[in-house]
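Here is the structure we will look at, set down as structure tokens.
Here, each number is a calculation from the coordinates, and none is a lab measurement. Owing to the predicted nature of the structure, the values given are computational and were not obtained by experimental measurement. With ideal geometry, Cβ positions are generated from the backbone for all residues, glycine too; neighbour counts draw on all protein chains shown.
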Amino acid sequence: MIARSGFIFFAAACAAILAGCSFDSQPLATQNLGPTYTAAVHTVIAALTQSAPPPVVTPTPIPPTPLPPPADTVSPTAQPDPTATQTPAATTPPTLAPSPTNTLFPTAALTLLVKDDFEGDQGWYTSLGDDFGFEYTNGRYRIYNNLLGAIIWTIRDDNYDDIRLEVDVARAAGPLDGFFGVTCRYLDAKNYYALVIGEDGYFGILKMEKGEQSTLQKGTAAAGIILSNKQFNHLRADCIGETLTLYANGQKLAEVQNDDFSAGDVGLVAGNKIVEAGVDALFDNFIIYKP
């Protein structure tokens, strides 16, 4: 594990067309919070399909509390799509049936580094707005995203090279084709991996490199592997060496070789494709292992 001191960084939003995203994400404000932190940043990414470009969106900036209002703005070339509709933020956090108990991996070759059941209401970023939000609710961590064609995430300042991430995640509300999962080897808003699933069976391993988003591998899982009807799914992501592997409920979904990023932070993500916005996801039993 590679350690470093922690700060909160907010990155400006940016519009993205099908070909990718080109933006600058300089820190807008910093606050010393000690050795660990969570940072909530968002950017509109390229479409997850190659059929049509997403509409351009100008999202509302993150509310200024507890940091000063952001000074940067979205590129002036990014204009809102008058035909796009946004789902308003939920007024009451959704509730689901109890999530499964996450049994610790029994292999002695793995070292448990972090186990977070989100009962402590601390360690992750919280902020609520119309476009997106992050909050603790009923012993879980919630991310909702009302931005069309966008992914948002919260990042822990725990810098690792080889890592295994596990988390229980469920769609609490929003479109079936919304997706959610984890990030690994996050360097900044322009460079990271995301390993995600959706209740419609979608799975993908995504890469943002130098502001250009690509899908390293994607597909649709066989019926019954990814649970639907707002049930919790146990997601596992291995970022070990140059191999990235995604599992859901014990079944391997995807594996790719990519050595562009060798280390970075980890976190949680939730996103929408280009048809409908409003994904609302609940996370529980987040675990970090060191191989």
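Quick look at the values:
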{"quantity": "Dipole in debye (nearest 20) - region 172-226, about Cα centre, beta carbon charges: Lys, Arg +1; Asp, Glu -1", "calculated": "240"}
{"quantity": "Where the Cα pairs of region 115-209 fall when distances are cut into 5 Å bins, in %", "calculated": "3, 11, 21, 26, 23, 14, 3, 0"}
{"quantity": "Which listed pairs, of Lys115/Lys207; Lys230/Lys273; Lys252/Lys290; Lys115/Lys273, have C-alpha distances above 28 Å, in listed order", "calculated": "Lys115/Lys273"}
{"quantity": "Those GluC sites (Glu not before Pro) in region 218-291 that DSSP places in a loop and that have at most 14 other beta carbons within 10 Å", "calculated": "Glu242"}
{"quantity": "P(r) tail fraction, region 165-291 - alpha-carbon pairs more than 17 Å apart, %", "calculated": "52"}
{"quantity": "Rounded to the nearest 20 debye, dipole of region 152-204 from Cβ charges on Lys, Arg, Asp, Glu", "calculated": "120"}
